[in-house]
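Chemist: Sharing a structure here in structure tokens format.
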Ligand SMILES: [Zn+2]
């Protein structure tokens with residue numbers, strides 16, 4: 001299994017590596033998604049307990065779908081060139097009753113950006129809406145990371 005290692009140089013000059021396993025998120029034909037650990041790692045900025053716990057559970061358990069016709073249609077760039085990283089079908093989901101699926105556009109985002117965008121989409125599966133705040137990355141739908 002791939003591992004994600006952080007190098008930390010100690011005072012003695014020795015370098016220690018902290019490695020955690022990279023667990024793949026559950027997905028259908030997605031190639032550019034964060035690991036479960038990266039998704040959970042970017043979720044700690046969420047200030048609402050119920051929402052953050054929901055997002056973390058979703059990082060581990062929700063399905064990221066890349067392969068259906070609806071995803072492909074919504075992932076086409078808009079006339080102004082804007083693209084979405086992913087989207088969630090709106091319904092009655094809440095932080096105690098999340099929707100179990102994210103539609104994902106599989107864009108070639110930088111790894112850090114990809115994880116933030118996934119946390120944003122997972123927040124939608126937990127009933128969060130654009131502008132609701134609570135520390136969710138990309139609060140107004142405009143992600144601060146470059147594509
Ligand atoms: Zn959004």
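The values are calculated or read from the model by the stated rules, or taken from the named source; none is laboratory data. Because the structure is a prediction, the values reported are computed rather than measured. Every residue, glycine among them, receives a Cβ derived from its backbone with ideal geometry; neighbour counts consider all protein chains shown.
Chemist: Taking the stated definitions as given, is residue 39 outside any strand (DSSP E or B), under 13 Å from residue 114 (Cβ atoms), under 17 Å from the mean Cα position of the chain (by Cα) and at pLDDT below 95?
Modeler: Criteria not met by residue 39.
Chemist: So, one more: What number of residues within the range 105-119 are in contact (Cβ under 8 Å) with a residue 40 or more places away in the chain, farther than 17 Å from residue 54 by Cα and within 16 Å of the ligand (Cβ to nearest atom)?
Modeler: Residues flagged as in contact (Cβ under 8 Å) with a residue 40 or more places away in the chain, farther than 17 Å from residue 54 by Cα and within 16 Å of the ligand (Cβ to nearest atom) within the range 105-119 amount to 3.
Chemist: Hey, another quick one. Taking the range 126-137 only, how many residues are under 14 Å from residue 90 (Cα atoms) and within 11 Å of the ligand (Cβ to nearest atom)?
Modeler: Of the residues in the range 126-137, 3 are under 14 Å from residue 90 (Cα atoms) and within 11 Å of the ligand (Cβ to nearest atom).
Chemist: More than 15 Å from the ligand (Cβ to nearest atom), under 15 Å from residue 30 (Cα atoms), assigned to a loop (DSSP other than H, G, I, E, B) and at pLDDT below 95, is that true of residue 77?
Modeler: no
Chemist: Take the range 86-104 and flag every residue that is buried (at least 21 other Cβ atoms within 10 Å of the Cβ), within 13 Å of the ligand (Cβ to nearest atom) and assigned to a loop (DSSP other than H, G, I, E, B).
Modeler: 88
Chemist: Hey, another quick one. Restricted to the range 49-74, and to residues that are in a loop (DSSP other than H, G, I, E, B) and within 17 Å of the chain's Cα centre (by Cα), which residue is farthest from residue 130 (Cα to Cα)?
Modeler: 66
Chemist: Check residue 65 against each of (1) at pLDDT 85 or above; (2) within 15 Å of the ligand (Cβ to nearest atom) and name the one condition it does not meet.
Modeler: Among (1) at pLDDT 85 or above; (2) within 15 Å of the ligand (Cβ to nearest atom), residue 65 violates only (2).
Chemist: Exactly one of (1) in contact with a strand residue (DSSP E or B) (Cβ under 9 Å, 6 or more places away or on another chain); (2) at pLDDT 95 or above; (3) assigned to a helix (DSSP H, G or I) is unmet by residue 127. Its number?
Modeler: For residue 127, the exception is condition (3).
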